[in-house]
Each structure stands twice: as C-alpha cells, then as structure tokens.
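*Asks:* Handing you a structure now.
We did not get these values from a lab; they are worked out from the coordinates using the rules stated. Please read these numbers as outputs of a predicted model, since none were measured by experiment. Glycine also receives a Cβ, built like all others from the backbone with ideal geometry; neighbour counts cover every protein chain displayed.
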Amino acid sequence: MTYDEVVLGRRSIRGFLDKPVPQELLAEVLEMAMRAPSSFNNQCWNFSVVTGAPLEAIRKGNTEGILAGKPDSREFRSFTTVPDEHRGRQIEIAKQLFGAMGIEREDKDGRQDWVLRGFRQFDAPVSVVVTYDKVLLGSDIAPFDCGAVTNALVNAAWSRGLGCVINSQGIMQSPVVRQHANIPEDQVIMICVALGWPDEDFPANAVMSNRKGVDEAVRFVGFAD
Ligand SMILES: Cc1cc2nc3c(=O)[nH]c(=O)nc-3n(C[C@H](O)[C@H](O)[C@H](O)COP(=O)(O)O)c2cc1C
C-alpha cells in the first residue's frame, strides 16, 4: 500500500471479524508505529496489548460502571463544554454513523446500543492501551507524543489490512482497565485503540468522515500571494 492509500483510505473501524490477530503481526505494527517522532526522542509511550479474558473483563467492568452511574475516571482532562463549531462536527459524524447503521433519530434503544458498543470497544478482538511514563504527568508534551504514536499505529495497522478505532469510551472506567490489563503504577493511561480484522459487511465501516479544507484550517504567512 502506498502512503496515499493508507492516509486517504483509512477510516475508523467499528465492526470486526471474530478472528484472532497474530501476536507477531501486532508486534510488527507496533514496531512501525514507534517510528513516530517524539519530543527529544523521549518515547514516553508504552503499550498494553490485551485480548481474551482480560479484555472481556475490561468490557464488562467498563460497561457496568457506566450503567451504574460511576463518574468518568479517565486519567486526562477533557473539555467540559463543546463550542458550536466542534459540536457541529460531532453531530455530523454521528449522523453519518447512525445513518449507515439505520439507527433513526427517535430510536433510543438503537442509540443506546451503539453507545454501549463503544464502551465495549466495539467487541474488537484486541485492545491496545496506550500509556505514558508517569514521571511526565502534567506535561502537555507526553499526551502530544502519545497522539503521534497512536496515529502512526492506526495507519500501520491499516497498511497490514487491520482496522482500528481510537476509543476513549473504552477507558472511561480507567481503574478497571488498569486492574485487568495489570497496568503498572508508573504508567498513565492515555487512550485505547480497538483493533482487529475489519468486517466488510458492517455498514459503519464504510463511513468516510469529512475534513476541514486547507482554505479553512491553514494560514500561509509571508508567501508571495
Ligand atoms: C482521541 C480520540 C478518541 C476517540 N474516541 C472515540 C470513541 O470513544 N468512540 C468512537 O466511536 N470513536 C472515537 N474516536 C474516533 C473518531 O470519532 C474518528 O477518528 C473521527 O470521527 C474521524 O473519523 P475517521 O477516524 O474515520 O477518519 C476517537 C478518536 C480520537 C482521536
């Protein structure tokens, strides 16, 4: 696959085949991902690659905690209010996904089912939990570097025929993730990536999200025109 094919073809995958992913392939993909740049080449990232019984326990604990009303216990600061511009984009992708899945606006059960799938990491066979060294807690650079490696990870996976969705719903109850994935205390949980072989028949997997145009996002400064 060319770089263009990876970058322009990749999309989030939220429906997976019930087919295991070989450990060697996961190691290869992670080795490629770790070519990502990082501040001072710190490489503060670490990964817990989880499957089988521990992943089932995470799905169960995460979902049960949320349904029981336990507060969000992710280990990063999130936004509290979403400005209209960003809210508009959230609504747009939600409409695309619900539209593909045939979930109507009034279909509360269908929507709830979709949200619960997210908390179960879309039942993917593998979850890659991205963590960083706790000594860097409080710096904004560590999450930045985790973002770089996570983007590299989803692209590397795609180049090998694997699909991913970066999934902050899956770590909503981070103590549950820490417990079942046995994440060391010197690591901060940043995000998880649900990963597996894409189910080509799963409608949401065909959704191509939109992007701002260069004219909207980019200012060229000091150029002739
Ligand atoms: C930090 C981060 C967290 C995300 N969390 C979720 C999530 O919890 N559930 C989900 O369905 N998608 C999640 N996504 C996927 C985004 O919705 C998706 O990347 C975006 O809509 C663009 O679509 P694309 O990946 O298909 O290009 C997340 C993406 C990022 C970068």
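*Asks:* Using alpha carbon centroids, what distance separates region 18-50 and region 165-225, in Å?
*Replies:* 15
*Asks:* Continuing with the same structure: Kirkwood hydrodynamic radius (Cα pairs, Å) of region 1-112?
*Replies:* Answer for region 1-112: a Kirkwood hydrodynamic radius of 18.7 Å.
*Asks:* Need one number: the % of Cα-Cα pairs in region 1-59 sitting beyond the 15 Å mark.
*Replies:* 70
*Asks:* Rg to Rh ratio, the chain, alpha-carbon atoms and Kirkwood radius?
*Replies:* Ratio of gyration radius to Kirkwood radius for the chain: 0.96.
*Asks:* For region 112-207, what is the Kirkwood estimate of the hydrodynamic radius, computed as the reciprocal of the mean inverse distance between distinct Cα atoms, to one decimal in Å?
*Replies:* Radius from the Kirkwood sum: 14.3 Å.
*Asks:* Moving on to the next point. How big is the charge dipole of region 31-190 about its Cα centre, in debye rounded to the nearest 20, if each Lys and Arg gets +1 on its Cβ and each Asp and Glu gets -1 on its Cβ?
*Replies:* In debye, rounded to 20, region 31-190 gives about 120.
*Asks:* Which entries in the list Lys134/Lys212; Lys19/Lys212; Lys19/Lys60 go over 31 Å, if you measure between the two C-alpha atoms of each?
*Replies:* Distance filter (> 31 Å) returns Lys134/Lys212; Lys19/Lys212.
*Asks:* On a full-extension model of 0.36 nm per residue, what is the gain between Gln112 and Ser39, subtracting their alpha-carbon distance, rounded to one decimal in nm?
*Replies:* Extra length from Gln112 to Ser39 when fully extended: 22.3 nm.
*Asks:* Each label point is 7 Å from the Cα along the Cα-to-Cβ direction; what then is the distance between the points at Glu85 and Val221, in nm?
*Replies:* 1.6
*Asks:* Next up: Arranged by the count of other C-beta atoms within 10 angstrom, fewest first, what order do Arg219, Arg117 take?
*Replies:* Listing Arg219, Arg117 from fewest to most nearby Cβ atoms yields Arg219, Arg117.
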